[in-house]
Amino acid sequence: MERLLAIIFIYILVDNFVLQRFLGICPFIGVSRKMETAIGMSMAVIFVMTMATLVTWILNTFVLVPYELEYLQIVTFILVIASLVQLVETALRKISPTLYQGLGIFLPLITTNCAIMGVALLAVREEFTFVEAVVFGIAASIGFSLALVIMAGIRERLEMAKIPEALQGSAITLITAGILSLAFLGFSGMLTL
Amino acid sequence: MQIAYAIIALGLIGLLFGLLLSIAARVFAVKTDPRVDAVKDILPGANCGACGYAGCVNFAAAVVKGEVAANACIPGGEETTRAIAEELGLEVTDSEPLIATVFCIGDNEHAADLFIYDGVEDCEVAGRFNGGFKACGYGCLGLGNCVRVCPFEAIEIGSHGLPIVDPDACTGCGLCVEACPRDLIQTLPRRSGQGHLVLCSSQDRGKTVSKACSVGCIGCRACVKECPQEAIEMDDKLAVIDIDKCDDCGRCVPVCPPGTIYPRTALPIMPGAIEQNKEKAEAVSSEKGT
């Protein structure tokens, strides 16, 4: 139990996927312009990341390891995640059109996202147990969402601010992201597994 | 041998997921109207929202259902309407092409400022701060709310501090009309620039107007009396020209003391144009000896 709590704390704050491991930077910059889309994306990421860790862990433990095919991890995981997202999208469209309207456009965006891939690979590398891997997936995605929502909040305010012409657009966004990352550096080393 | 295992394993996993996906596609199939896609392809795809729907897809769905007329897509104009009508077998009702027109020429040279504003670049915010930084409480603040909302990049703020509408790029969608907190923009039928306009929106008394802005309508009624078509009427303290009645005789232009009346062919008002018009009007009126 203590270990699970540690995993949650570490991957939300200490080892934040976006701000400390620099994974999933493109949705972090791409969809953080508005709070509404940021929240939609966050929900989609939480959903897919948890599912992806779950499925890839099972596949890795029961197929790849017994047959000594670990070197196929990356290829298999890409395949699994892409199919999974596609599956979820098709199912969602039928089962819950409202949820599909909310998450629909974000789902294909994260199919080949490096953060999702990173979670799957790291869960294997850290030799987590099944429960730990799932908790790790949830924690990592919440960490991602936290970073995304903070960024969206800041960028919504930046819209109203006077920014020097040379820094407008992506320049100020990258500077903001850098400062945010530095702020999260304050958590580093607080807790290790 | 190793490579064979890899191929078999990946092939099997791939096959498994492929099967799963194709089954899912069958089980969770959602029937969509093919006409919605057809209409969506015809639409400009700007997702501007001028039709009142969230995006082009939603509009397409509404048109197919018959909730809305095919000509509601303003940016698409006549061509789009016709194409949609053809696709769905509807009758065509023509819609007139519109253009956004800014009813203020109080630029930074002719309209007085009350104070230097150094806050948020937003007309709504600036307007609420002490009634705006311009002496005229009705005039354009030039902070570009209309520019930001325009999906077609048809408006820019000129060096004179007023919006310039690009007549080629403007589709008359009316988003800027809603965005302007001072209601200075209207969409008017294009009609290749027929008609004259009083480019002012001030409802202040003449004295107050002339103190705040040297080109604002002072409500003197000179143009109302001059107009042979009776196309000009007073809306409280502001003269308004009905472009349907106006026959472009131009007699109102020189009689206007502040020089607020412009032929629509002179739009958009570029930096410097206001001074020229004022001089021209003054020259004509001094010739007449009035």
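Structural remarks
- Any chance A:Tyr100 is within 11 Å of another protein chain (Cβ to nearest Cβ) and outside any loop (DSSP other than H, G, I, E, B): yes
One line per residue, one yes/no per condition, for (1) touching a residue at least 60 places away in the same chain (Cβ under 8 Å); (2) under 23 Å from the mean Cα position of the chain (by Cα); (3) assigned to a helix (DSSP H, G or I):
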residue: B:Ala126; (1), (2), (3): no, yes, yes
residue: B:Asn130; (1), (2), (3): no, no, no
residue: B:Gly139; (1), (2), (3): yes, yes, no
residue: B:Cys170; (1), (2), (3): yes, yes, no
residue: B:Asp183; (1), (2), (3): no, yes, no
residue: B:Ser202; (1), (2), (3): yes, yes, no
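- Scanning the stretch B:27-54 for residues that are in contact (Cβ under 8 Å) with a residue 12 or more places away in the chain and part of a helix (DSSP H, G or I) yields a count of 7.
- Residue match in the stretch B:68-80 (condition: within 26 Å of A:Arg93 (Cα to Cα) and outside the structural domain of B:Val177 (by TED's automatic domain parsing)): yes
- Qualifying residue in the stretch B:64-80 (condition: within 12 Å of chain A (Cβ to nearest Cβ) and either in a helix (DSSP H, G or I) or in contact with a helix residue (DSSP H, G or I) (Cβ under 8 Å, 6 or more places away or on another chain) (or both)): no
- Residue in the stretch A:43-50 that is within 13 Å of another protein chain (Cβ to nearest Cβ) and either modelled with pLDDT under 85 or part of a helix (DSSP H, G or I) (or both) present: no
- Selection within the stretch B:24-49 - surrounded by 12 or more Cβ atoms within 10 Å (Cβ to Cβ) and within 10 Å of chain A (Cβ to nearest Cβ): B:Ala24, B:Ala25, B:Phe28
- So B:Asn130, is it of a type in the set (S, T, N, Q), assigned by TED's automatic domain parsing to the domain that holds B:Cys213, within 17 Å of B:Pro181 (Cα to Cα) and surrounded by fewer than 16 Cβ atoms within 10 Å (Cβ to Cβ): yes
- The lone exception for B:Asp113 - which of (1) assigned by TED's automatic domain parsing to the domain that holds B:Pro268; (2) within 30 Å of A:Glu89 (Cα to Cα) it fails: (2)
- Any hit, the stretch B:75-89, residues being surrounded by 15 or more Cβ atoms within 10 Å (Cβ to Cβ) and within 28 Å of A:Met160 (Cα to Cα): no
- Scanning the stretch B:172-181 for residues that are among the small types (Gly, Ala, Ser) and part of a helix (DSSP H, G or I) yields a single hit, B:Ala179.
Table: residues versus (1) at pLDDT 90 or above; (2) part of a helix (DSSP H, G or I); (3) within 14 Å of chain B (Cβ to nearest Cβ).
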residue	(1), (2), (3)
A:Ala38	no, yes, no
A:Met41	no, yes, no
A:Thr53	yes, yes, no
A:Thr56	yes, yes, yes
A:Val63	no, yes, yes
A:Ile81	no, yes, yes
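- Leading residue by the ranking (nearest to B:Ala50 (Cα to Cα)) among those in the stretch B:146-162 that are part of a helix (DSSP H, G or I) and of a type in the set (Val, Ile, Thr): B:Val149
- Every residue from the stretch A:106-132 that is over 22 Å from A:Trp57 (Cα atoms) and touching a Ser or Thr at 6+ places or on another chain (Cβ under 9 Å): A:Phe106
The values are calculated or read from the model by the stated rules, or taken from the named source; none is laboratory data. Only a predicted model underlies this, so the values are computations on that prediction, with no experimental measurement involved. All Cβ positions, glycine included, derive from the backbone under ideal geometry; neighbour counts span all protein chains shown.
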